[in-house]
Amino acid sequence: MSKQRRLSTVNERVLDPDDFKAAFRDHPAGVAVITADAGDGPVALTATSVASVSAEPPLIMFSVSAMSSSTPTIRRAETVVVHLLAADQLDLAKLASTSGIDRFADTSVWKVLPTGETYFPSARSWIRARVLEVVAAGSSSIILVEALESKPVDEAAAVPLVYHNRTWHSLGNHSRIE
């Protein structure tokens, strides 16, 4: 018999949101940009919650905040493109994280795949994926996707972009410890 976990009850104290954010502020994360189009035009957002789930089948998960203007489109989309960014692509991370702008105004930085998805070809790597499940989780949604195709990473040309303690960092040989 499986045991179902429950959220806290009225009598249980949960961690204060500010304390929760402070705890994760010191946890570094890779930076990705998610693009999607549910038929109303493309959207993009910057995410640090991208994680591989399984290699067989190839599954990825990420979360999106209800506060993002891109979330409703991503929740309705059948496919998304997950872009894994290099340190020299900070401009893409900032573009997708800036509110109130047309993220696709500069037509020189994005293209459309033959399958119809909008993507940023300069990204260190990108993965086109089919949305399998959208799960409401507090003030966010967890999106589970199945990888369909990718642009492989050019290892020689790109060091990953990382977000830590409210600022951008590069990850490379200078940060390696053994």
*Would you check if T115 is modelled with pLDDT of 95 or more, in a loop (DSSP other than H, G, I, E, B) and out of contact with any Gly (no Cβ under 7 Å at 6 or more places or on another chain)?*
yes
*asked:* Among the residues that make up region 85-94, is at least one of them of a type in the set (A, V, I, L, M), without any contact (Cβ under 8 Å) to a residue 40 or more places away in the chain and touching a strand residue (DSSP E or B) at 6+ places or on another chain (Cβ under 7 Å)?
replied: no
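Listed here are the residues, each with its yes/no results for (1) among the basic types (K, R); (2) surrounded by 13 or more Cβ atoms within 10 Å (Cβ to Cβ); (3) over 16 Å from V131 (Cα atoms).
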residue: D26; (1), (2), (3): no, no, yes
residue: I34; (1), (2), (3): no, yes, no
residue: V43; (1), (2), (3): no, yes, no
residue: T48; (1), (2), (3): no, yes, yes
residue: V81; (1), (2), (3): no, yes, no
residue: K94; (1), (2), (3): yes, no, yes
_Whichever residue in region 50-77 is buried (at least 17 other Cβ atoms within 10 Å of the Cβ), part of a loop (DSSP other than H, G, I, E, B) and among the small types (G, A, S) and, among such residues, is farthest from the chain's Cα centre (by Cα)_ = A77
*Of the residues in region 151-169, how many are at pLDDT 80 or above and either under 16 Å from S122 (Cβ atoms) or aliphatic (A, V, I, L, M) (or both)?*
6
*Looking only at residues in region 111-151 that are of a type outside the set (G, A, S) and more than 17 Å from the chain's Cα centre (by Cα), which one is farthest from A36 (Cα to Cα)?*
P114
*Applying the selection to region 136-178, what residues are within 17 Å of F62 (Cα to Cα), part of a strand (DSSP E or B) and without any contact (Cβ under 8 Å) to a residue 24 or more places away in the chain?*
A136
*Do we find that S122 is surrounded by 14 or more Cβ atoms within 10 Å (Cβ to Cβ) and polar (S, T, N, Q) in this structure?*
yes
*asked:* With the requirement that a residue be within 21 Å of K151 (Cα to Cα) and either free of Cβ contacts under 8 Å to residues at least 40 places away in the same chain or not in a loop (DSSP other than H, G, I, E, B) (or both), what does region 96-112 give you?
replied: A96, T107, S108, V109, K111, V112
*Mind listing whichever residues of region 24-49 are of a type in the set (A, V, I, L, M, F, W, C) and within 14 Å of the chain's Cα centre (by Cα)?*
A29, V31, A32, V33, I34, A36, V43, A44, L45, A47
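The values are calculated or read from the model by the stated rules, or taken from the named source; none is laboratory data. What you see is a predicted model; the values in this text were computed from it and never measured. We place every Cβ from the backbone using ideal geometry, glycine too, and count neighbours over all the protein chains shown.
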